[in-house]
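Report on the structure given below.
Taken together, the values in this text are just the output of simple stated rules run on the coordinates, not laboratory data. None of the values given here were measured: they were computed from a predicted structure. Ideal geometry is used to build each Cβ from the backbone, glycine not excepted, and the neighbour counts take in all protein chains shown.
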Amino acid sequence: MQEKTEALRTVIEEAWENRELLESQEVRKVVGEVIAMLDGGVIRVAEKIGGEWVTHEWIKKAILLYFLMREPRNMISGMFEYFDKIPVKRGFSSLGVRVVPPATIRYGSYVAPGCVIMPSYINIGAYVDSGTMVDTWATVGSCAQVGKNVHISGGVGIGGVLEPPQAQPVIIEDNAFIGSRCIIVEGVIIEEEAVLGAGVVITASTKIIDVTGDEPVEYKGRVPARSVVIPGSYTKKFPAGEYNVPCALIIGKRTESTDKKVSLNEALRKFNVPV
């Protein structure tokens, strides 16, 4: 498999540097094969290697090349009409995925067996692992990586990123809970079993402040494992005066437990977290 992947990568990198190669049917076939592998979960845009998340830049390049290859076309679904380059994913019964109308999952994204997808949107390059719930009007952006048994509540916005190709996507690790109307963008990592209360907004520059000890501990770009997080604010000086700026507050830790549902319910109840 590694040898095949390296061969595909070589073709994609060459086509990225020389777009005229897209006129070759062989090159177009390789690009299509990479997208099909993404769609089937054989490869993914980012994965954890040696405990660290690694972004595969060449796969994102393949997605961008796929857009260049495609021409917009009419798509009819009942009373609805669309005009787009990328088809939607199909065959959910054989995939073991429950999809509630009018959810939209773009071809080139992977949704594992056991997922429940309410009326929501999952973009190309995304990876959603088994047992995850994507609730109503949530969005999983291009190349976002969502782990096993994650709950993405209604109206959540998980940002997508295709360019620049080297940029890390948003990553939600296993057994995390993302409360209603949260926004997570710019390659932020939500580590395993973390709990985000309703309305938490986290960007790459957002201060994530652990206030559980005698002194605050500040993070950026990641929420530590099993953290319980709510929206907060801090005072910042500007030329025109002092104003409150949004941040995220870690107010506790979810208990380590083999029963993830029990530990989640205990955390929500103990810390009175709105979801």
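Could you please rank Ser130, Ser120, Ser93, Ser180, placing first whichever residue has the fewest other Cβ atoms within 10 Å of its Cβ? Display every interim value, and only then the final one.
On the way: Ser130 15, Ser120 23, Ser93 9, Ser180 20.
Lowest to highest Cβ neighbour count: Ser93, Ser130, Ser180, Ser120.
Close amide-amide hydrogen proximity is noted between Lys253 and Val228, each under 5 Å apart and 5 or more residues distant or on a separate chain (H modeled in the peptide plane; Pro and chain starts excluded). In the chain, helical runs assigned H by DSSP with n ≥ 4 each contribute -39500 (n - 2.57); averaged across all residues and rounded to the nearest 500, the mean residue ellipticity at 222 nm is -6500 deg cm²/dmol.
For the pair Ser94 and Glu13, label points projected 7 Å from Cα toward Cβ lie 3.5 nm apart.
According to the Kirkwood expression over distinct Cα-Cα pairs, how big is the hydrodynamic radius of the chain, in Å? Could you put the intermediate results ahead of the total?
On the way: mean 1/r = 0.0504 Å⁻¹.
With all distinct Cα pairs of the chain included, I get 19.8 Å.
Listed values for the range 227-232 are Karplus-derived 3J(HN,Hα) couplings in whole Hz (6.51 cos²θ - 1.76 cosθ + 1.60, θ = phi - 60°), namely 5, 9, 10, 10, x, x, and x replaces Gly and Pro.
Please compute the contact order of the chain in relative form: average sequence separation of alpha-carbon pairs under 8 Å and at least six residues apart, divided by the residue count, as a percent. Could the numbers behind the result be given before it?
Details: 684 pairs, mean separation 26.5, N = 275.
Relative contact order for the chain comes out at 10 percent.
Alpha-carbon geometry of the range 196-243: the Rg and the Dmax are 12.2, 39 Å, given in that order. Under 5 Å from the amide H of Cys247 lie the amide H atoms of Gly232, Ser233, Tyr234, each residue being 5 or more positions distant or on a separate chain, with H modelled from the backbone and absent for Pro and chain starts.
Here the range 1-113 was treated as a single set of alpha-carbon atoms; its pair distances binned every 5 Å from 0 give 2, 10, 19, 20, 18, 16, 9, 5, 1, 0 percent.
Filter the cross-link list Lys85/Lys148; Lys48/Lys220; Lys207/Lys237; Lys148/Lys253; Lys29/Lys61; Lys4/Lys61 down to pairs whose alpha-carbon distance in this structure exceeds 24 Å. Each step should come with its number before you reach the end.
Details: Lys85/Lys148 30 Å; Lys48/Lys220 19 Å; Lys207/Lys237 15 Å; Lys148/Lys253 20 Å; Lys29/Lys61 15 Å; Lys4/Lys61 17 Å.
Violating the 24 Å Cα-Cα cut-off are Lys85/Lys148.
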